[in-house]
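Asker: Sharing a structure, written as structure tokens. Questions coming.
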Amino acid sequence: MKFILCHLLLLILGCTSSSQYEHNEISTPSKNVKPLSPKDFMPLKIGYSLKYHVSYPGQEGIHIITIVKEKDGTFIDSTENTFTIDSQGLHDQQRYLIKNPLTVGTKWYSVSGPSSVEHFSIIDIPDRCMVKSKAFDECLIIEGEVKLFGQGKFKTLWTYAKNIGIVEIITYLESGEGKKLKQSVLSLESYAF
């Protein structure tokens, strides 16, 4: 179980994304005209803690992540992952998790290995989204994918809420025919500053 929780934690910090709104009970299209920035969607303060419910085939659990220290503008969490916000966006040790401009259709990619490229896209910035019957205002939804050898894709869908951070991550395997097999779901239970 520890291996699987560590794998899910990597997804929290930036793997790849999934299909349209299957996680949301509602998604209100954005009427947002004020500019948003990556720091609006990832509070980086020492002591900030998020508690998640994680589920994947055959197992469920609770995972808590806390920002424990800051060094030269880089924040480190309780699992030793790092986060930095610069003029281009929010990134961890390997890739941008959120990239400017924060508009639907913004795309970027990350080369994560000799034969692995992660493609990311902002697919929605709704005024409101729902995760596990909890409403969140001003959300950001990012989809990422990695093509698998053969015809499939591994997808991840990250949902961020303003001033809270990641509220949900869903991972899927998608076949060449478009069939989706859900792999894992990470949903926010609570948070504290």
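Asker: Would you check which residues across the stretch 63-75 are buried (at least 17 other Cβ atoms within 10 Å of the Cβ) and free of Cβ contacts under 8 Å to residues at least 40 places away in the same chain and list them?
Answerer: Residues satisfying the conditions are 67, 75.
Asker: Hey, could you check the stretch 154-167 for residues that are of a type outside the set (A, V, I, L, M) and open to solvent by 10 Å² or more (accessible area, probe 1.4 Å) and say which is nearest to residue 142 (Cα to Cα)?
Answerer: 155
Asker: Identify, from the list 113, 105, the residue that is open to solvent by less than 70 Å² (accessible area, probe 1.4 Å) and out of contact with any strand residue (DSSP E or B) (no Cβ under 9 Å at 6 or more places or on another chain).
Answerer: 113
Asker: Being of a type in the set (A, V, I, L, M) and buried (at least 17 other Cβ atoms within 10 Å of the Cβ) is the filter; apply it to the stretch 123-146 and report the residue that is nearest to residue 165 (Cα to Cα).
Answerer: Restricting to residues being of a type in the set (A, V, I, L, M) and buried (at least 17 other Cβ atoms within 10 Å of the Cβ), the top hit is 140.
Rundown of residues vs (1) modelled with pLDDT under 85; (2) β-branched (Val, Ile, Thr); (3) more than 17 Å from residue 187 (Cα to Cα); (4) touching a Gly at 6+ places or on another chain (Cβ under 8 Å), yes/no style:
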position	(1), (2), (3), (4)
15	yes, no, no, yes
40	no, no, yes, no
59	no, no, no, no
70	no, no, yes, no
77	no, no, yes, no
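Asker: Specify which of the listed residues (120, 149) is more than 26 Å from residue 193 (Cβ to Cβ) and either open to solvent by less than 20 Å² (accessible area, probe 1.4 Å) or in contact with a helix residue (DSSP H, G or I) (Cβ under 8 Å, 6 or more places away or on another chain) (or both).
Answerer: 120
Asker: Can you tell me which residue within the stretch 172-193, out of those that are of a type in the set (Gly, Ala, Ser) and either on the phi > 0 side of the Ramachandran plot or touching a helix residue (DSSP H, G or I) at 6+ places or on another chain (Cβ under 8 Å) (or both), is surrounded by the most Cβ atoms within 10 Å (Cβ to Cβ)?
Answerer: Once the filter is applied, the top-ranked residue is 184.
The values are calculated or read from the model by the stated rules, or taken from the named source; none is laboratory data. Because the structure is a prediction, the values reported are computed rather than measured. Cβ: placed from backbone, ideal geometry, glycine included. Neighbour counts: every protein chain shown. All accessible areas refer to the heavy atoms of the entire protein, side chains included, with ligands and DNA or RNA removed. Shrake-Rupley method; radii C 1.70, N 1.55, O 1.52, S 1.80 Å.
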